[in-house]
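Values in this text are rule-based calculations from the coordinates and carry no lab data. Being a predicted model, the structure only gives us computed values, none of them experimental. Note that each Cβ is placed from the backbone with ideal geometry, even for glycine, and that neighbours are counted across all protein chains shown.
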Amino acid sequence: MSLLQTLKAAGQRAFAIDWNNTDGSPSSSIDSISGSKKRRTVSGQVTSLDDQIKDRDRKSIVLTSRNVTQNFELAAWAIRKHLDFTSSFSFSVKSGIPSFDLELSEFIGRASRPENFDSAGKHSLARTLRIAESMRCLDGDIFLMKLRTGRIQAIEGDRVKTPEERRDAGDFNADRTFNGVETSFSGRHLRYAVHNRSRGGGLTFDRWIPARNIFAHGFYTRFDQIRGVSPIVAALGRFQDVYEGFDYAHQLGKLSNLFGLVLTRDAAENGLGALTSSDADGDGEDDTHSVKLSNRPMVLDLDPGEDAKFLENKTPAFEFQQFSDTMIAVALKALDIPFSFYNESFTNFFGSKAALTQYLISARAKRADNSDLLRRWTIWRIGVGILDGSLTIPREFDSLEDVPFKWNANGVPWLDPRDIRGDIDAVKAGLKTRSEVRHERFGDEWSDVAEKLAEEESLIDELGLSVTMDNSSAAQVVEVDNQEE
């Protein structure tokens, strides 16, 4: 048998690889269908996501995600950067009835304050939304309970789980209860098993809360899914590896710096037979080599023929840095965050702008989830305001759903003066409206800006001021060279 045949046979025995289908069995040209031996074949049954990730698994995910973000700066930054683009909104209402618009805006503003929004009086609506989105990223979902006072009580995702003791939880349908959520046959949420935290850790069952009293906010990717699962789950292992790799490289660097010094002494006899020695202090003995490191001297008395020098240490190695960057880039993809957000020098201006544009497209769906949560809260809060007499709805609206309010996501300002010119040209060409530009760049309404401009012009005339805006100078500003080498 030739060497090539021997290696081929050994590979088939070691890795069960049959590249040429020598066994003669029929196979599909699609490896994932035919179960090709070139890669691991996935086996098992197709089940619901809630059967794959049960209470114990959810607990492990929550512990891992919180530990990673609490200890690794990069993971915590990725969450914060995600929140910057997805969890900041402003309220606006344009009903055509100015007095009602003002009344409703002021009502929502008061209801959004910490003392009026949070059951504990600590968090405003804006901060609660940011924390809720953060917990959705870490735990998969979060629940906000409605109170009769119009306030909200947040329930973190790990506090909702299937009761362990049936005698404490009462009667419930175990076959239709998934990770603490009892559902109907069609999968509609009916009620949630909420637990309280015990001192020192652990959870104890508290009560069942009807679904009508809960705002559920989570990540959902399948129709049969009951509990939310964050996309960051796929990156948790990667974040942990990078975190540990950074620590190991740091420790190795410390170690090499501590032991990176070697001294040199000539041989006792040189090539001509003469002896070399040094006695600078005149004590009759050869000098030793003293090196001061930190606040203590290190004395190295070397034998003839030994040498000493500073060692050049390449820790961390360039290959390690490259691989770490690749791992980081892959991990950030779990939240669709471009690598250029992490390393601003990674690309040029136009590459960064393209990455931002693509990221904003991916952020739309996440913003829509948060906007829908705000919409549901607003309708409920208006209803509470009507019941307690703090708000009156005009007769023009048949239901609360007809009130024309919106929650606008905060925009991204212009990165380059040429973007301003592009928006102006788009408005002139009828490709964009002024309102669209304001939404995209600032997240507010152009009509509000127009009203403010009218007020400013009126005030200028009233005070008799002379304010000149030279359009020609503004045109010169846009001629900025941003070419990259």
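In what order do 93, 181 fall by count of nearby beta-carbon atoms within 10 Å, going from fewest to most? Intermediate values should be presented prior to the final figure.
On the way: 93 19, 181 24.
By the 10 Å Cβ count, ascending, the order reads 93, 181.
With the cut-off at 29 Å, tell me which of the pairs 428/452; 161/366; 122/452 have Cα atoms farther apart than that.
Working: 428/452 22 Å; 161/366 25 Å; 122/452 33 Å.
Beyond 29 Å between Cα atoms: 122/452.
I'd like the distance separating the alpha-carbon centroids of region 147-194 and region 373-404, in whole Å.
28 Å
Within 10 Å of each residue's Cβ, count the other Cβ atoms and sort 248, 342 from fewest upward.
Details: 248 12, 342 17.
Ranking 248, 342 by Cβ neighbours within 10 Å, fewest first, gives 248, 342.
Applying a 10 Å radius around every beta-carbon, put 197-205, 182-190 in order of their mean neighbour count, most first. Show your work: numbers first, answer last.
Values: 197-205: 10.7, 182-190: 12.7.
Packing proxy ranking, top to bottom: 182-190, 197-205.
Does region 354-477 classify as rounded, prolate or oblate by the C-alpha gyration tensor (a ≥ b ≥ c root eigenvalues; a/c under 1.5 gives rounded; else a/b over b/c gives prolate, otherwise oblate)? Can you show the working numbers first?
Numbers: a/c = 3.01, a/b = 1.39, b/c = 2.17.
Oblate, because a/c is 1.5 or more while a/b does not exceed b/c.
For region 354-477, what relative contact order do you get, as a whole percent, if you take Cα pairs closer than 8 Å and at least 6 residues apart?
On the way: 58 pairs, mean separation 22.3, N = 124.
It comes to 18 percent, rounded to a whole number.
How large is ³J(HN,Hα), in whole Hz, for each residue of region 319-334 in order, when computed from phi with the Karplus curve 6.51 cos²θ - 1.76 cosθ + 1.60 and θ = phi - 60°, using x for Gly and Pro?
Each residue of region 319-334 in turn: 5, 5, 5, 4, 5, 4, 4, 5, 4, 5, 4, 5, 5, 5, 5, 4 Hz.
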